[in-house]
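Peer 1: Here it is, the structure in full.
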Amino acid sequence: MAELNHECGVAAIYHLSGRGRSPVCTDDGPRQISRLLPRMLLDIQNRGQLAAGMSTFDPDRPALLKTRRDVGTVTEVFRLNHRAKAESLMKSLAGRAAIGHVRYATCGADDRNYAQPFERRHIHKRKWFSFCFNGQLANYTLLKQRLLADGDHHLALDTDTEIILHEIARLLSQSQERVDWIDVLKEVTAGFDGAYSMALLTAEGEMLVARDPQGIKPMCYIHEGPLFACASESVALLNLGFEPDQIQSLPPGHAILIDPEEGFRMERFAEPETPKHCFFEWIYFANVASTLDDRSVYLSRTNLGRELATAEREFGRVDLDDPDTIIVPVPDTSKAAADSMAYELSIPCREGLIRNRYAGRTFIEGGRARKAKAAAKYTPLREVLQGKRVILVEDSIVRSTTMNALLDRIRDVGGAKEIHVRVACPPIVAPCFYGIDMSTIDQLIAPKYFSLTGELDEESQQRMADDLGADSLQYLPVSAIARAINLPEDHLCQACVTGKYPTPIGQHLYQIACDNRGTRVNNQRTYEQLAAAVASE
């Protein structure tokens, strides 16, 4: 659903010297491999459109690390629609290594200071680094409290990324010798509770890439000869020209260190844990062309369509043999599921909604203009919808703002005679504390109709359909998700549809959120209450 928001995406690329030339290099050569990073960021732009940035390393310039970051899309930040300005920027940022970031966030949306990477300059090269982060630490308020406890420290921003930056800097300051970055990572992350993938680049030319111990956040990489590249999604590497079987997922709890002298090294930095991959990557967030942890996003969504078809036959509410019955996807993430459902049921799948691609994603408006933006975002095709019985396939319903506006337009503008909503996901009944913008139960529509366990029954689904303005509504059960992704259920984080969280602090925050239900306590207050709750134990 367009009202569901992700935090960000990470990408990095490194061309080692003295090891030949990678065929993916541009005509400018290995010393300017950084030119490829904006292209990689464009491929993961779906993960964040509020800000973008990159840091590059060049040992032959005075500014060993150089960073550009700003509010805006990748195209806007790097002036990609203006040839001369883009070329000037790429020359000034040229380097043989680069890390980059695209951002969506719940705070500081219009503040350039929140754009990543964060660079920490220092006169000592070993203490000068740049850093970017995807995810959220559920216990960041506890880490913040510990950092500020002595009264001598200060945080300029309200973000866990800054806390991590300072924790790394603190360890570097304590060391009188050149550090091993894997050891730094082990110590810094030992107290983390949450989800993350990260990339770090130093003024000595080292690059560190890491993924959280449960693999909640994705990270894919390629290592071929002198070239190393990684990204939150495989599509960014695929479009560099690599074959799908060359692209691998970084194992949970592992880090990759690229050293200009020693080359590539992968090592575990955290104790093994059962994977808890975020199932929403396959359902909604990831690019449909990506493969994450050996599971295709496209095939997972087509499997969801098969699940919807099976459920539809059992439901028996809609006349599937009537030629006026059509299936219509909500563009764009629902299309694979809708196509698959239509194929299984032998019903036409029609593009009854045309997305205005220049309207942007509705969550960028930050809530104030969501409903107006949702209404402008889709144009119903009366030629397709008029007089039809529409099975409307959506990937998820979070706050219902978009769905409310959409159903009105399909009926009033499109002229549909019936609308039956089918959701390729279970009801979202619990907040996310790992990087998705839904941190209170009262933000969500499903808890108003279902128990906090998301248990489905026909009466509750019909009541929700009536309130939304649909003729009927059906969700998929939780059990369908693991089948569709083809991973064991205990290898997925499904906290937002079950209320069962993979980390202790996540579960603790959920209890606070349950206690706050109906009290108009905002999501920031949930995190603040964590510190007080822990202190009282």
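The values are calculated or read from the model by the stated rules, or taken from the named source; none is laboratory data. Bear in mind that the values here come from a model prediction, so they are computed numbers and not experimental data. Note that each Cβ is placed from the backbone with ideal geometry, even for glycine, and that neighbours are counted across all protein chains shown. Heads up: the accessible areas ignore ligands, DNA and RNA and are worked out on the full protein's heavy atoms, side chains in. Shrake-Rupley method; radii C 1.70, N 1.55, O 1.52, S 1.80 Å.
Peer 1: What tally of residues in the range 440-485 results from selecting those that are without any contact (Cβ under 8 Å) to a residue 60 or more places away in the chain, surrounded by fewer than 20 Cβ atoms within 10 Å (Cβ to Cβ) and of a type in the set (V, I, T)?
Peer 2: Total meeting the criteria: 1.
Peer 1: Hey, another quick one. Can you pull out every residue in the range 439-457 that is β-branched (V, I, T) and in a helix (DSSP H, G or I)?
Peer 2: I441
Peer 1: Across the range 65-90, which residue is nearest to L37 (Cα to Cα) among those that are part of a helix (DSSP H, G or I) and hydroxyl-bearing (S, T, Y)?
Peer 2: Here the residue is T75.
Peer 1: Of the residues I222, I216, which single one is in a strand (DSSP E or B), hydrophobic (A, V, I, L, M, F, W, C), on the phi < 0 side of the Ramachandran plot and open to solvent by less than 60 Å² (accessible area, probe 1.4 Å)?
Peer 2: Step by step, each of I222, I216 is checked, and only I222 is in a strand (DSSP E or B), hydrophobic (A, V, I, L, M, F, W, C), on the phi < 0 side of the Ramachandran plot and open to solvent by less than 60 Å² (accessible area, probe 1.4 Å).
Peer 1: For the range 261-269, check the following and say yes or no: at least one residue is under 30 Å from I182 (Cα atoms), modelled with pLDDT of 95 or more and touching a Ser or Thr at 6+ places or on another chain (Cβ under 9 Å).
Peer 2: yes
Peer 1: So which residues in the range 187-236 are without any contact (Cβ under 8 Å) to a residue 40 or more places away in the chain and closer than 23 Å to D43 by Cα?
Peer 2: The answer is Y221, I222.
Peer 1: Of the conditions (1) assigned to a helix (DSSP H, G or I); (2) closer than 20 Å to A12 by Cβ; (3) open to solvent by 20 Å² or more (accessible area, probe 1.4 Å), E187 clears all except one; give me its number.
Peer 2: (2)
Peer 1: Could you list, in sequence order, the residues of the range 153-176 that are of a type in the set (G, A, S) and farther than 13 Å from L200 by Cα?
Peer 2: If the condition is that a residue be of a type in the set (G, A, S) and farther than 13 Å from L200 by Cα, then A156, S173, S175 are the ones that fit.
Peer 1: Suppose we filter the range 20-75 for residues that are of a type in the set (K, R) and touching a strand residue (DSSP E or B) at 6+ places or on another chain (Cβ under 7 Å); how many remain?
Peer 2: Matching residues across the range 20-75 total 4.
Peer 1: Next question, about the same structure. Could you tell me whether any residue of the range 266-285 is closer than 28 Å to D58 by Cβ and open to solvent by less than 10 Å² (accessible area, probe 1.4 Å)?
Peer 2: Taking every residue of the range 266-285 in turn, none turns out to be closer than 28 Å to D58 by Cβ and open to solvent by less than 10 Å² (accessible area, probe 1.4 Å).
Peer 1: Quick check: is even one residue across the range 494-507 closer than 28 Å to R146 by Cα, open to solvent by less than 10 Å² (accessible area, probe 1.4 Å), assigned to a helix (DSSP H, G or I) and touching a residue at least 12 places away in the same chain (Cβ under 8 Å)?
Peer 2: Yes; the residues of the range 494-507 include at least one that is closer than 28 Å to R146 by Cα, open to solvent by less than 10 Å² (accessible area, probe 1.4 Å), assigned to a helix (DSSP H, G or I) and touching a residue at least 12 places away in the same chain (Cβ under 8 Å).
Peer 1: Determine, yes or no, whether G53 is assigned to a strand (DSSP E or B) and either touching a helix residue (DSSP H, G or I) at 6+ places or on another chain (Cβ under 6 Å) or within 30 Å of P329 (Cα to Cα) (or both).
Peer 2: No; evaluated as a whole, the condition is false for this residue.
Peer 1: Tell me, yes or no, whether the range 237-253 has at least one residue that is farther than 23 Å from W181 by Cβ, among the β-branched types (V, I, T) and modelled with pLDDT of 95 or more.
Peer 2: Yes, the range 237-253 contains a residue that is farther than 23 Å from W181 by Cβ, among the β-branched types (V, I, T) and modelled with pLDDT of 95 or more.
Peer 1: I'd like to check something: does the range 468-481 contain any residue that is of a type in the set (S, T, Y) and at pLDDT below 95?
Peer 2: No, every residue in the range 468-481 fails to be of a type in the set (S, T, Y) and at pLDDT below 95.
Peer 1: Going through R301, R317, R306 one at a time, which residue ends up being surrounded by fewer than 20 Cβ atoms within 10 Å (Cβ to Cβ) and under 12 Å from A424 (Cβ atoms)?
Peer 2: Among R301, R317, R306, only R306 is surrounded by fewer than 20 Cβ atoms within 10 Å (Cβ to Cβ) and under 12 Å from A424 (Cβ atoms).
Peer 1: I'd like to know if the range 510-528 contains one or more residues that are surrounded by fewer than 21 Cβ atoms within 10 Å (Cβ to Cβ), on the phi > 0 side of the Ramachandran plot, among the small types (G, A, S) and assigned to a loop (DSSP other than H, G, I, E, B).
Peer 2: Yes - at least one qualifying residue is present in the range 510-528.
Residue-by-condition table, conditions (1) among the charged types (D, E, K, R); (2) closer than 30 Å to P502 by Cα; (3) free of Cβ contacts under 8 Å to residues at least 24 places away in the same chain:
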position	(1), (2), (3)
A94	no, no, no
A98	no, no, no
Y104	no, yes, no
D111	yes, no, no
P117	no, yes, no
K127	yes, no, no
Q136	no, yes, no
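Peer 1: Mind counting the residues in the range 237-264 that are open to solvent by 70 Å² or more (accessible area, probe 1.4 Å) and farther than 28 Å from N46 by Cβ?
Peer 2: Number of matching residues: 2.
Peer 1: In the range 271-285, which residue that is at pLDDT 95 or above and outside any helix (DSSP H, G or I) is nearest to the chain's Cα centre (by Cα)?
Peer 2: Looking at residues that are at pLDDT 95 or above and outside any helix (DSSP H, G or I), I get C278.
Peer 1: Please go through (1) buried (at least 24 other Cβ atoms within 10 Å of the Cβ); (2) at pLDDT 95 or above for P431 and return the number of the only condition it doesn't satisfy.
Peer 2: Exception for P431: condition (2).
Peer 1: Given the condition at pLDDT below 95, small (G, A, S) and more than 15 Å from the chain's Cα centre (by Cα), answer yes or no: does some residue in the range 118-134 qualify?
Peer 2: No, that holds for no residue.
Peer 1: Moving on to the next point. Give the residues of the range 397-428 that are polar (S, T, N, Q) and either free of Cβ contacts under 8 Å to residues at least 24 places away in the same chain or buried (at least 24 other Cβ atoms within 10 Å of the Cβ) (or both), sorted by residue number.
Peer 2: T402
Peer 1: Tally time: how many residues in the range 7-63 are hydroxyl-bearing (S, T, Y), touching a residue at least 40 places away in the same chain (Cβ under 8 Å) and open to solvent by 10 Å² or more (accessible area, probe 1.4 Å)?
Peer 2: So the answer is 1.
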